[in-house]
1. Once the convex hull of the C-alpha atoms of the chain is built, how many Å³ does it hold per residue, rounded to a whole number?
2. If I take every Cα pair under 8 Å that is 6 or more residues apart in the chain, average their sequence separation and divide by the length, what percent do I get for the relative contact order?
3. Which one, GLU97, GLU193, GLU172, has the greatest fluctuation when you compute a Gaussian network model over the chain with C-alpha springs under 10 angstrom?
4. Rounded to the nearest 500, what is the chain's calculated 222 nm mean residue ellipticity when only DSSP H runs of at least 4 contribute -39500 (n - 2.57) each, over all residues?
5. Please compute the volume of the convex hull spanned by the alpha-carbon atoms of the stretch 168-238 and report it per residue in Å³.
6. What residues have an amide H closer than 5 Å to that of VAL140, excluding those fewer than 5 places away on the same chain, when H is modeled at 1.01 Å from N in the peptide plane?
7. Would you mind checking which residues have amide H under 5 Å from SER53's amide H? H placed 1.01 Å from N; only 5 or more apart, or other chain.
8. Kirkwood-based Rg over Rh for the stretch 83-224 (C-alpha set), two decimals?
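What follows is calculated from the coordinates using simple rules that are stated; it is not laboratory data. Because the structure is a prediction, the values reported are computed rather than measured.
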Amino acid sequence: MSVEVRALGVIPGRGGSKRLPRKNVLPVGGHPLIAHTIMAAQRAKYLTDWLVSSEDTEILDVAHRYKAPVPFTRPAELAGDEVRNIEVVRHALSFMEKQTGKQYDIVILLQPTCPIRDPAHIDAAIELLASSDLDTLASVKGPFKKRDPVLKAIRGGVLEAYCGTELEHDWEAFFIYNASIYAAKRDYFLKHERLISARQVPLMMDSFHSVDVDTVADIVIAEACMAYMQQAKEGHSV
């Protein structure tokens, strides 16, 4: 980047996941799930500082084993089911600014449920947001555009168009958050306590890098994608 930007990365690792218990430490592709995000952050060039925020002993042990910065143990009041990532990021930002004595320009949330994120995606997110007049950035997958509109609703037992149009000239490609990266400029984040805004910088990621692990089936998909990408990297026919 031509301009120096101070970026803080936050990897949230709560121990009490309900849908897939202990998911952050489950093995995925030979490593605990959260370790993949740690390894991506380690190789990113534009993160000034980054850390793992957790209250869970096992997750903290994994973080230490993979040499991730763990400057604090997350307070118990920020570890409940109803606690939002916004609160976790705000706590980490406040802690780090007090500890380092420096003010960050950008905060970036790196969800550990996205194990195939590339370090280049993190760097691109920081660079894109830093060079934009917009306040936030989100990673997305897509575009999705099909002959028959793919978004449907079930209303009164009937499957019908979600957006109310079936006219071909009205079709527009759409994108979906893939949960991998959310970033916000510091002042916007502190003022609005949000990592998203009405208009955002998009960071487009392909289907392989957009895998989001919330179920056992997602782990199977993630491992299949990892194997495919590794074979392709090695030049094997796939």
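1. Dividing the Cα hull volume of the chain by its residues yields 175 Å³.
2. After rounding, I find 23 percent.
3. Answer for the Gaussian network model of the chain: GLU172.
4. Roughly -9500 deg cm²/dmol at 222 nm, from the helical runs in the chain.
5. Each residue corresponds to 176 Å³ of Cα convex hull volume.
6. For VAL140, the qualifying residues are ASN178, LEU203, MET204, MET205.
7. For SER53, whose amide H was placed from the backbone, the distant partners under 5 Å are ILE11, GLY13.
8. Expressed as Rg/Rh, it is 1.04.
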